[in-house]
Amino acid sequence: MAEALLLVKDLRKTYINGFEAVKGVSFAVKKGEVFGILGPNGAGKTTTLEMIEGLRPITSGSVILDGIDVQKDPYAVKERIGIQLQSSSFFPNLNLVELLRLFSDLYLESSDPMELLREVDLEEKAKYQVKQLSGGQKQRFSIATTMVNKPVAIFLDEPTTGLDPQARRNLWGLVRQIQKKGTTVIMTTHYMEEAQILCNRVAVMDEGNIIAQDTPEKLIRELLGRGFVPKQKVEPATLEDVFIDLTGKEIRD
Amino acid sequence: MKRTLISLRSLTVASTKMYFRNKAAIFFTMFVPIAFIGVFGLLSTSSGSSLTLDVTNNSPSQLSHGVVDALKNIKAFKVTETTQADSTDKLGKGKIDLQVVIPESFGQPGADGRIAPSQIETYYNQAKPQNGQTANLILGQVISGINAKISGTPQIVSLKAVGVQTNNLGAIDFLLPGILAISIMQLGIFSVAFAFVSLKTTGALKRIQATPTHPANFIIAQAVTRLIIGVLQVLILTGMGMWLFNFHLVGNPFEFLGVALLGVLLFLAFGFAVAGYAKDENAAAPIANLVTFPMLFLSGTFFPRDAFPAWLNTITNYFPLTYLADALRRIANEGAHLSALVPDLLGMTIWGIIMFIVAVRVFRWE
């Protein structure tokens, strides 16, 4: 783990109506790690991501990504990153290959759409439209679109929300695969077991503030160190393990 | 620069594909205008000038057949031979203009061996007296011609009628430019407002903003697609009118197309103002309808504005659709050149600029 790829300093967002969505957050993401931003709905996760991505004006503070100041040159930042939005909506009436070709052109890249689809296991859906895909397939396609420009970092906003356990596990595999190729991943989620399994480090946000950040293991150890005792006895397996064992690992889409 | 060109090309290709694969958009901007031209074209040609006559010939005489043949030779008549009962029924239903009954005794020699005087009876629909009376007048001419021939009276006064070649403008020549102008308005306002607002609400537009292309490229691509559709509308509707319904494009076709495209740009500015302002489809629909509805009926598209009261005529003079419909009509009907249409073109340009400024001011990306 080398130098910081992303440096966020005292980032704030205050809307015109006076609402403070983000109240001064600071964190750094190292090259090659999976960094998770956790928190309940309305904690300010998406607003924070969108300011970093250059999609939303920054009220104050600074964001430096790969040495570039987002406020000074948002287009240069957008060229280096891949963004998956929470809605994952695309132009209607175009098939997957046509959409990927469009995105490649917008980045002045010449990526092979079929190659990208192979990476996310959607080759056989090449001529399908996004509306014909299942939830998990949509998210995988959405991740494929973030890869057209061979980004240094990709941002995933709640990539597994609404997916069934099989599809979610499948997506975890995809994120690991992306990390293995050296791409930094910054993601939000409100599933804690997901963060524990995928993220090298996490930041916990609530009401616009980061209230803790570290590796998942260290955060758990600290909690236990404060004398925490779980309310109920933790079994060595969860109901989800039972579900996966009963229904099989393969995805159903 | 290179990025802009590649983005523009790729976004335009994508926009055009999206448009042609969107069945609703094609239905409203292509099929509906074609159906309009088809229906109005058929109505205006069939209701032309021919009068429908039903003739019942009860007489075996040669003279009676001569009368029937003479009627059939008159171009203004559409003559059907049928029974009296049938034609009475059709007259009662308003399907024919004149019922003609030739009595059995017609043209038969009388006791003195000469042809006995007899009457042809006609019945016309009192609800359409102009048609019935016109038919009667022509019929009267035919009969007096026959009378003159039989009695050998010399013709002292005669009429020489000469047909003169004119532009011969029919109803279609008034309607087609109007319908074309309406299609252009609907294309500019509805196809942009709804497509754009839907991309805005689903988040597809935001996904494009997440790429390094400037969002304005997407707007230009959308506009280029609409201009392509506009050219197709002009070609298809005008071609259909000329081929099927005897529409006359007296003026320069390129000037006609140019004015149509200026119209597309004008209404695109309206469309983007609505699309940029509206938060979702539910907000876009009433605004778009509020803008288009009065113009649809008051801009002299389906019927001339001459019949309006003076004050309404004055107000509607300044409607953007009035400028467009008038300019198209004057090129098509009178062969007017752009130089003669400066007031219309200026009116369209000013409206276009105003709405462009409004669009830029009210535009919201999300």
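The values are calculated or read from the model by the stated rules, or taken from the named source; none is laboratory data. Note that the structure is predicted; figures quoted are calculated from it, not measured. Neighbour counts run over all protein chains shown; Cβ positions are idealised from the backbone, glycine included.
Mind listing just one residue for me: the one in region B:255-313 that is out of contact with any helix residue (DSSP H, G or I) (no Cβ under 7 Å at 6 or more places or on another chain) and under 20 Å from B:THR202 (Cβ atoms) and, of those, modelled with the lowest pLDDT?
Residue satisfying both the conditions and the ranking: B:LYS279.
Please pick out the residue among B:SER144, B:SER198, B:SER183 that is on the phi < 0 side of the Ramachandran plot and within 14 Å of another protein chain (Cβ to nearest Cβ).
B:SER198
Of the residues B:ALA269, B:ALA284, only one is touching a Gly at 6+ places or on another chain (Cβ under 6 Å) and touching a residue at least 60 places away in the same chain (Cβ under 8 Å); which?
The conditions single out B:ALA269.
Restricting attention to region B:213-260, which residues are part of a helix (DSSP H, G or I), polar (S, T, N, Q) and either closer than 21 Å to B:ALA340 by Cα or within 14 Å of another protein chain (Cβ to nearest Cβ) (or both)?
Passing the criteria: B:ASN217, B:GLN222, B:THR225.
I'm checking my understanding of the structure. Among residues of region B:84-126 that are in a strand (DSSP E or B) and polar (S, T, N, Q), which one is surrounded by the fewest Cβ atoms within 10 Å (Cβ to Cβ)?
Taking the candidates together, the pick is B:THR122.
For B:ASP54, are the conditions met, namely being in a helix (DSSP H, G or I), more than 14 Å from every other protein chain (Cβ to nearest Cβ) and within 18 Å of B:LEU139 (Cβ to Cβ)?
Here the answer is no, as B:ASP54 does not meet what is asked.
Kindly indicate whether B:THR134 is buried (at least 16 other Cβ atoms within 10 Å of the Cβ), of a type in the set (S, T, N, Q) and not in a strand (DSSP E or B).
Considered against the rule, which asks whether it is buried (at least 16 other Cβ atoms within 10 Å of the Cβ), of a type in the set (S, T, N, Q) and not in a strand (DSSP E or B), B:THR134 comes out as yes.
So B:LYS206 clears everything in (1) in contact with a helix residue (DSSP H, G or I) (Cβ under 7 Å, 6 or more places away or on another chain); (2) buried (at least 20 other Cβ atoms within 10 Å of the Cβ); (3) assigned to a helix (DSSP H, G or I); (4) within 14 Å of chain A (Cβ to nearest Cβ) except one condition, right? Which one?
The failed condition is (1).
Taking region B:228-246, which residues are in contact (Cβ under 8 Å) with a residue 60 or more places away in the chain and either surrounded by 20 or more Cβ atoms within 10 Å (Cβ to Cβ) or closer than 15 Å to B:ALA332 by Cβ (or both)?
Hits for region B:228-246 are B:ILE229, B:GLN233, B:LEU237, B:THR238, B:MET240, B:GLY241, B:PHE245, B:ASN246.
Given B:ALA25, B:ALA70, which one is surrounded by 14 or more Cβ atoms within 10 Å (Cβ to Cβ), within 14 Å of chain A (Cβ to nearest Cβ) and either touching a strand residue (DSSP E or B) at 6+ places or on another chain (Cβ under 7 Å) or not basic (Lys, Arg) (or both)?
Matching residue, one of B:ALA25, B:ALA70: B:ALA25.
Any residue in region A:109-116 that is surrounded by fewer than 17 Cβ atoms within 10 Å (Cβ to Cβ) and within 13 Å of chain B (Cβ to nearest Cβ)?
Yes, the conditions are met somewhere in region A:109-116.
Applying the selection to region B:57-67, what residues are part of a helix (DSSP H, G or I) and buried (at least 17 other Cβ atoms within 10 Å of the Cβ)?
The answer is B:SER64, B:VAL67.
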